[in-house]
Each structure stands twice: as C-alpha cells, then as structure tokens.
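The values are calculated or read from the model by the stated rules, or taken from the named source; none is laboratory data. Here the structure is a predicted model, which is why all the values come from computation and not from measurement. Here the Cβ positions follow ideal geometry from the backbone for every residue, glycine too, while neighbour counts run over all protein chains shown.
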Amino acid sequence: MKMKYPLATATWDSAEYQALQDVISGGMFTMGPKVAQFEKDVASYIGSKYAVMVNSGSSANLLMVAALIYTKNSKLQLKPGDEVIVPAVSWSTTYYPLYQYGLKLKFVDIDLHTLNYDLDQLSAAVSSNTKAIMAVNLLGNPNDFSKIYQIIGNRQIVLIEDNCESLGAQFEGKMAGTFGVMGAFSSFFSHHISTMEGGLIVTDNEELYHVLVSLRAHGWTRNLPKENHVCGTKSDDPFEASFRFVLPGYNVRPLEMSGLLELSRLKSALS
C-alpha cells in the first residue's frame, strides 16, 4: 500500500493565532520588544551568548558571511578570493552569499549515509589556501564536529554553520549551530519552528554580534549599545545616533509578528 505524506503541514493552534491578533491590536508591527525577547530566550535555549533574528534563513546566511567580511578580527576576517569549502548538497542560499562577496567556493562531496560531508574527502580538500569551512547540518542531522575539529587542527580556518534545517539537533550534547563561530537558522513554514518567514544567527563573539546587528538594519548604529565594536562609541545626540550609517548593510529585519510566533513555538517546543 502506498502512503503519501505532505512536505509540511500547519501546526499552529489557537495560541499562535491569538498571538498574531495581539500584535495587530498592539499596533507594533516591525521589529520590536517581542523580537528582542525571542532573541534572548532562543540564545539561552541554544546555548549561545547572542542571537540576532532576521527575516529568513537565507538572510541569516547572508549576514553571517557579510560579518566575516567586515569584522576587524584578522583571525576571522575573509577577503574576496579566499577559499571556502562547502558541501556538494545544500540549498542555493548556502552558496550565493559566499559568491556575492567574491569568495572562492570549493565543493566537497557528501557521505550518502549522513548527507553531510564525506570526512575523508573533506580532509583531503583542506589546504593552505582554505580560509573557511561552511558546515551544513542537513535534514536534522549534525555533522561529526569532533572530526571536523581534528581536520582543522591548528590551522587558521573559520568554521561557520548553516543550521537552517536542524534547530534542536545535538551532537555529543551540544546544540547544532554552536560549533562554528556563527550558526544560521530558519523558521520558514516547513522547518521545525514556523513563523511564516524568519531566520536567526547565533554567536558567542561580541564583535560579530555588533556587526550583525548593524548589518541587519541598513548598517546604522541605532540598535547598537553605546560602547560597541563597530563605531566605538555612539553619540549622545539621539539624531546622530539614529541616522549614522557605518556599514554597507541591508534591511532584513523581522516582523514583530514573527518574533511573537517564535516565542510561542519555542515555549511549545520546550514543554
């Protein structure tokens, strides 16, 4: 007997629909306190110091790559022409942000049993030219990060994670998305937590966090703390602090609706 299963189904209940109505009634539609609360809660859940919510997992990948271009940390910084290893199987927006910033993609085949890197081929592919590795945790299945760490060894190679399909997955008791210097997540309709559209980047690095916050909203300083790694110190003049643009940023802010839905779905996942 043949059985058919849909790719994705709606999982919202009355609590989610009421949450949406609460946002509509409150009149605060763009990124606001609910988004900030979700960032705090999900960082705690995942085990990262910082979380930056954006409008999609694709945008999360884009900002993650951009942050490595604009960081002042020479050990993390990437430059056009640098070689980045990527797996041969992933979604298109794993690759395009790297390409858009002029990075050289080096494809490594996957293991058919895990759908993640073939670790022997990854080991053979890493060279003195390799500046970063993008690890994609495909379909809820984390990479073997112990072996990836061994492959990297003492070399100055930046590890980042596209964890858009693996929220909540763990490897050796540690959350997927937290093994690299940054990890990207998605809350698109078909993913583990759905907020219509939505994404997230987590990191323990304060400078990268500040860069991500600036890049998310036009490259301005408005959402940064007074003392920060991007512009140094924000002006006490509210006009200058709100309309100073210091990075070539984007507008990939999430809606307040998505932040509230994330809070509701995260609460359900933890219950």
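Within the range 73-110, which residues are closer than 16 Å to Ile157 by Cα and assigned to a loop (DSSP other than H, G, I, E, B)? Those that are closer than 16 Å to Ile157 by Cα and assigned to a loop (DSSP other than H, G, I, E, B): Asn73, Ser74, Lys75, Leu76, Gln77, Leu78, Lys79, Pro80, Gly81, Asp82, Leu103.
Pro254 meets all of the listed conditions (1) loosely packed, with under 15 Cβ neighbours inside 10 Å; (2) under 14 Å from Gly57 (Cα atoms) but one, namely (1). Taking Ala125, is it among the aliphatic types (A, V, I, L, M), in contact with a Leu (Cβ under 7 Å, 6 or more places away or on another chain) and farther than 20 Å from Glu197 by Cα? No, not satisfied. Suppose we filter the range 29-47 for residues that are more than 12 Å from Leu263 (Cα to Cα), exposed (fewer than 15 other Cβ atoms within 10 Å of the Cβ) and at pLDDT below 90; how many remain? Result for the range 29-47: 2.
Of the residues Glu227, Glu197, Glu262, the single one that is among the charged types (D, E, K, R) and at pLDDT 90 or above is Glu227.
Do we have any residue at all in the range 58-71 that's exposed (fewer than 15 other Cβ atoms within 10 Å of the Cβ) and either within 15 Å of Pro254 (Cα to Cα) or in contact (Cβ under 8 Å) with a residue 12 or more places away in the chain (or both)? No, the conditions are met nowhere in the range 58-71. Restricting the search to strands (runs of 3 or more DSSP E) fully inside the range 140-245 and requiring at least 3 residues that are over 20 Å from Gln37 (Cα atoms) and not polar (S, T, N, Q) gives 158-162. Against the criterion of being modelled with pLDDT of 95 or more, within 27 Å of Ser146 (Cβ to Cβ) and not β-branched (Val, Ile, Thr), Leu247 does not qualify.
When each of Lys106, Lys131, Lys147 is tested for being within 30 Å of Gly232 (Cα to Cα) and of a type in the set (D, E, K, R), the lone residue that passes is Lys131.
So that you can scan it fast, the table gives a plain yes or no per residue for (1) of a type in the set (S, T, N, Q); (2) crowded, with 17+ Cβ neighbours inside 10 Å; (3) under 17 Å from Pro97 (Cα atoms); (4) in contact (Cβ under 8 Å) with a residue 24 or more places away in the chain:
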{"site": "Phe171", "(1), (2), (3), (4)": "no, yes, no, yes"}
{"site": "Ala176", "(1), (2), (3), (4)": "no, yes, no, yes"}
{"site": "Ser190", "(1), (2), (3), (4)": "yes, no, no, yes"}
{"site": "Ile201", "(1), (2), (3), (4)": "no, yes, yes, yes"}
{"site": "Thr221", "(1), (2), (3), (4)": "yes, yes, no, yes"}
{"site": "Lys226", "(1), (2), (3), (4)": "no, no, no, no"}
{"site": "Thr233", "(1), (2), (3), (4)": "yes, no, no, no"}
{"site": "Ser242", "(1), (2), (3), (4)": "yes, no, no, no"}
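Considering only residues in the range 116-139 that are in a helix (DSSP H, G or I) and touching a Ser or Thr at 6+ places or on another chain (Cβ under 8 Å), the one that is farthest from Tyr99 (Cα to Cα) turns out to be Leu139. Taking the stated definitions as given, is Ser44 within 26 Å of Asn143 (Cβ to Cβ), assigned to a helix (DSSP H, G or I) and in contact with a Gly (Cβ under 7 Å, 6 or more places away or on another chain)? Here the answer is no, as Ser44 does not meet what is asked.
The selection criterion, being touching a helix residue (DSSP H, G or I) at 6+ places or on another chain (Cβ under 9 Å), modelled with pLDDT of 95 or more and within 21 Å of Gly173 (Cα to Cα), holds for Tyr117. Checked against (1) of a type outside the set (D, E, K, R); (2) assigned to a loop (DSSP other than H, G, I, E, B); (3) surrounded by 15 or more Cβ atoms within 10 Å (Cβ to Cβ), Met53 passes all but condition (2).
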